[in-house]
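> This is the structure I want to talk about, given as structure tokens.
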Amino acid sequence: MKTGQKICKYAVLIFFALLILFPVYMVLTGSFKTEFELYDNVFGLPQKLQWGNYARAFVEGNLNKYYVNSLIVTMTSIVLILALSSMTAFALTRLKLRLNKVIYLLFVIGIAVPTQVGIVPLAVQMSRMHLTNSLLGLICVYVAYELPFSVFIFYGFMQSIPMELQEAAIIDGCSSFRVYWHVIMPLCRGSIATVAIFNLVGIWNDMLFPLMLISKESLRTLPYGLLQFRGQYASQNTVIFAGVILITLPLVVLYLCMQKQFMKGLTQGAVKG
């Protein structure tokens, strides 16, 4: 590659990196400022670190309670999504069923349907089933909405696994479930990490469904809980910024720990098949 091309390439990469990091800088510095300093010196560094913003976000904002709610909803949803989507993909790729292609096509169509299309019917249905103001209701909604994409990821990777491995396991006396659990799933670690991280970020940061289905203050999740710092006439923006940092930090740490598996899953699961 010529020198001019390298300069252009790195200039574009640096530009997009700055474009992504600038909002992070604004939120991080804003979380350590006073309200007056935030508006008086928007782009500058804080004169004194206001750690009290984090304490107010965590204690006064009840983020300690909302953390528990978000953990219950997110972890339970991810476990169910991983189990159901991997079993579905296994059945569609490894078992000889007549409607495999049709069922898979329906899941792919489900990816293309915007979430907002079904909000009103979903709200009515959840109310009739008495699943509003319930963490169980949120879990059911997240599992249903995230299954199509998760099946798509597992389907692409499982389709690339040689059938000879399954046939050898069956000859050794393995049942279909043992083939799924002991042969196929150990090979799907990259896909598992990809599905888990994608769903973790989406569910952990989601505000739409909690706002629609939860009205009890004690059942709020983290993003929904931050709304209490915004009022009709005034907003505590520095506390909101601190809350955003507290919400985002676990995701950043988890991604840094699982980034190798995540990238492996993207290349092996979403591309093949």
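> What accessible area per residue, rounded to a whole number of Å², is obtained for the chain using a probe radius of 1.4 Å?
In whole numbers, the chain has 59 Å² accessible per residue.
> So, R0 is 41 Å and r is the distance between the beta-carbons of residue 128 and residue 165; what FRET efficiency does that work out to, to 0.05?
0.35
> Keeping all protein chains in place and using 1.4 angstrom, which order do 66, 39 fall into by accessible surface area, from largest down?
Output order, biggest surface exposure first: 39, 66.
> How far apart, in nanometres, would the label points at residue 20 and residue 249 be if each is projected 7 angstrom from Cα along the Cα-to-Cβ direction?
Once both label points are built, they end up 2.2 nm from each other.
> Same structure, new question: Report which label in (i) 209; (ii) 193; (iii) 144 holds the value of volume of the Cα convex hull per residue in Å³ derived from the coordinates of this structure.
Working out volume of the Cα convex hull per residue in Å³ from the coordinates points to (ii).
> Write down the Å³ per residue value for the convex hull defined by the alpha carbon atoms of region 181-240.
Residue-normalised Cα hull volume stands at 128 Å³.
> Here is a follow-up. If each residue of separation counts as 0.36 nm, what is the full-extension length gain between residue 80 and residue 39 once their alpha-carbon separation is subtracted?
Length gained between residue 80 and residue 39: 10.3 nm.
> Still on this model: Estimate the FRET efficiency between residue 112 and residue 172 by the formula 1/(1 + (r/R0)^6), using the beta-carbon distance for r and 51 Å for R0, to the nearest 0.05.
After rounding, the FRET efficiency stands at 0.80.
> Would you mind calculating the gained length between residue 103 and residue 182 on full extension (0.36 nm times residue separation, minus the Cα-Cα distance), in nm to one decimal?
25.9 nm
> May I ask you to rank 43, 241 by accessible area, largest first, using a 1.4 Å probe over the protein chains only?
Descending accessible area places them as 43, 241.
> Using protein chains only and a probe of 1.4 angstrom, how many square angstrom of residue 22 are accessible, to the nearest 10?
100 Å²
> Please calculate the 1.4 Å probe accessible area of residue 235, with all protein chains present, and give it to the nearest 10 Å².
Roughly 30 Å² of residue 235 is accessible to a 1.4 Å probe.
> Using Cα springs under 10 Å in a Gaussian network model of the chain, which residue among 192, 109, 72 shows the largest mean-square fluctuation?
Result: 109 has the largest fluctuation of those listed.
> Under a 5 Å amide H to amide H cut-off, with H placed in plane at 1.01 Å, what residues pair with residue 214 once short-range neighbours are removed?
Placed amide hydrogens put 133 under 5 Å from residue 214.
> What FRET efficiency, computed as 1/(1 + (r/R0)^6) with R0 = 30 Å and r the Cβ-Cβ distance, is obtained for residue 235 and residue 47, rounded to the nearest 0.05?
0.90
> Now for a separate question. Using a 1.4 angstrom probe on heavy atoms only, work out the carbon and sulfur share of the accessible area of the chain in %.
69 percent
> Leaving ligands, DNA and RNA out of it, rank 98, 189, 178 by accessible area with a 1.4 Å probe, largest first.
The ordering from most to least exposed comes out as 98, 189, 178.
> Please give the calculated 222 nm ellipticity per residue for the chain, where each DSSP H segment of at least 4 residues contributes -39500 (n - 2.57) and the sum is spread over every residue; nearest 500 deg cm²/dmol?
For the chain, the value works out to -22500 deg cm²/dmol.
> What figure in square angstrom, to the nearest 10, would you give for the accessible area of residue 167 with a 1.4 Å probe?
100 Å²
> Please work out how much length the chain gains when fully extended from residue 211 to residue 257, using 0.36 nm per residue of separation minus the C-alpha to C-alpha distance, in nm with one decimal.
Result: 13.5 nm gained on full extension.
> Next question, about the same structure. Roughly how many whole Å is it from the C-alpha centroid of region 110-184 to that of region 8-44?
First find each Cα centre; the distance between them is then 38 Å.
The values are calculated or read from the model by the stated rules, or taken from the named source; none is laboratory data. Please read all numbers here as calculations on a predicted model, not as lab measurements. No Cβ is skipped: glycine too gets one built from the backbone with ideal geometry, and neighbour counts run over all protein chains shown. The protein model used for the area step is the full one, side chains on, heavy atoms only, and it has no ligands, DNA or RNA in it. Shrake-Rupley method; radii C 1.70, N 1.55, O 1.52, S 1.80 Å.
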